[in-house]
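Below: the structure, in structure tokens.
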Amino acid sequence: MKLASLKSGRDGRLVVVSDDLAWYAGAAHVAPTLQAALDDWERIAPALEVLATDLAHEAIPRERFHERDAASPLPRAYQWADGSAYVNHVALVRKARAAEMPESFWHDPLVYQGGSDGFLGPRDPIPLADEAWGCDMEAEVVVVTGDVPQGCRRDDALASIRLVGLTNDVSLRNLIPGELGKGFGFFQSKPASAMSPVFVTPDALGDRWKDGNLHGALNVDLNGKPFGRADAGVDMTFDFGTLIAHLAKTRSLGAGTIVGSGTVSNRDEGGGPGKPIAEGGLGYSCIAEVRTVETILRGKPETPFLKHGDTVRIWMDDDRRHPIFGVIEQTVAPSAGGAA
């Protein structure tokens, strides 16, 4: 089952979307918003499944689904917790800013709590007031949970996952060192993220959802050229069950919590940093990583961060080369804001 929220008010209007993303049926008579559905999932999910089946059989009124009309499936959420499950990425990015990486990062998940009061729609521009801030995209996998009790173990944490999707977790790289230097985490350096047009129930993903993570190439294009094709099912140090159990160690999680994987990152065949697509590698899911590799190989970064007018495209195809979650496609645009 695929669910989306059309732009309407603060929390969108819940719709069920066909598997090919061509059509939708309104779900307001079942639940007005996705958050309302998640709050009462055991009762409402079966009714949404019936609606999805009726839509597939053209047994109910339907309308064309246009991704430009979609908000984030959860336009705002009670919680957005982003992990760094691909520790290869963490190691590279920390190396770029000459920061030592503790050994604990390989066996104890790293998570930060991001802003969840408003997500960008999948086709909304990325607002950037100052190019000097070092704007970067980060292509990631996300899951949405139901209620998770404190002390939840991994298997039960996996069972709490209701939906799976993608995100562009926007980062302002040049603001990060100053913020982390204060020892109190991200804030200004983490503006609003964008979510994929649809979120999908794990059962509808088939073999692509196994062992607590999503398998398949996470495609990233920058200005129309292939930038990343990393496999989300490879090199994931911590699966989503482990991440959720880590979050729930000292507190419960409410239904509608979004948990991110962190930037998807693969090593090359020899175990070193990944190679660019042009050199036969799988590329990268963020600019910071390629800049790190350039620094390691050639002494300095060469790829610039995002500028006004740059366009980012993020998606994952099914076996027929059709997007599973729709496409995140965003152009960086000037916006109001103060200097760093």
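The values are calculated or read from the model by the stated rules, or taken from the named source; none is laboratory data. Since the structure is predicted, the reported quantities are computational estimates derived from the model, not experimental observations. So basically every Cβ, Gly included, is an ideal-geometry build from the backbone, and we count neighbours across all protein chains shown. Heads up: the accessible areas ignore ligands, DNA and RNA and are worked out on the full protein's heavy atoms, side chains in. Shrake-Rupley method; radii C 1.70, N 1.55, O 1.52, S 1.80 Å.
Using a cut-off of under 16 Å, list every residue of the range 150-189 whose amide N is near the label point 7 Å from the Cα of Asp117 along the Cα-to-beta-carbon line.
187-189
Using +1 at the Cβ of each Lys and Arg and -1 at the Cβ of each Asp and Glu in the range 1-114, identify which of Ile60, Ala37, Tyr86 lies farthest towards the dipole's positive end.
Towards the positive end, the residue furthest out is Tyr86.
For a test of the definition: using alpha carbon positions, the gyration tensor, and the 1.5 limit on a/c, classify the range 129-228 as rounded, prolate or oblate. Please list the in-between numbers first.
Details: a/c = 2.78, a/b = 1.41, b/c = 1.97.
Because a/c hits 1.5 or more and a/b fails to exceed b/c, the range 129-228 counts as oblate.
Which distance in Å, rounded to a whole number, links the C-alpha centroids of the range 47-82 and the range 240-275?
A separation of 25 Å, based on Cα centres.
For a test of the definition: using alpha carbon positions, the gyration tensor, and the 1.5 limit on a/c, classify the range 186-340 as rounded, prolate or oblate.
On the way: a/c = 1.42, a/b = 1.21, b/c = 1.18.
Here the range 186-340 falls in the rounded category.
From the Cα gyration tensor of the chain, with a ≥ b ≥ c the square roots of its eigenvalues, which class applies: rounded if a/c is under 1.5, or else prolate if a/b is larger than b/c, or else oblate? Don't skip to the answer; put the middle values down first.
On the way: a/c = 1.60, a/b = 1.43, b/c = 1.11.
Because a/c hits 1.5 or more and a/b exceeds b/c, the chain counts as prolate.
At a 1.4 Å probe, what is the % contribution of carbon and sulfur to the accessible area of the chain?
Numbers: 7420 of 15000 Å².
C and S fraction of accessible area: 49 percent.
Can you give me the relative contact order of the range 129-240 as a percent, contacts being Cα pairs under 8 Å and 6 or more apart?
Values: 166 pairs, mean separation 25.2, N = 112.
Once divided by the residue count of the range 129-240, the mean separation gives 22 percent.
With axes computed from alpha carbons, what is the tilt in degrees of helix 287-298 against the longest principal axis of the chain, rounded to the nearest 10 within 0 to 90?
With both axes taken from Cα atoms, the answer is about 30 degrees.
Of the cross-linked pairs Lys210/Lys275; Lys7/Lys190; Lys182/Lys275; Lys275/Lys307, which ones have a Cα-Cα span greater than 25 Å in the structure shown?
Check vs 25 Å cut-off fails for Lys210/Lys275; Lys182/Lys275.
Give, in nm to one decimal, the length gained when the segment between Glu103 and Gln79 is fully stretched (0.36 nm per residue of separation minus the Cα-Cα distance).
Here the segment from Glu103 to Gln79 would lengthen by 5.8 nm.
How high is the relative contact order of the chain, in percent, counting Cα pairs under 8 Å that sit 6 or more residues apart? Display every interim value, and only then the final one.
Working: 837 pairs, mean separation 75.3, N = 340.
Reported as a whole number, the value is 22 percent.
In Å², what does the accessible area per residue of the range 3-141 work out to with a 1.4 Å probe?
Details: 6350 Å² over 139 residues.
Here the residues of the range 3-141 average 46 Å² of exposed surface.
Quick one: dipole size for the chain, taken about the Cα centre, charges +1 on Lys/Arg Cβ and -1 on Asp/Glu Cβ, in debye to the nearest 20. Spell out each step's value before the answer.
Numbers: 34 positive and 46 negative charges, 145 e Å.
Once rounded to the nearest 20, the dipole reads 700 debye.
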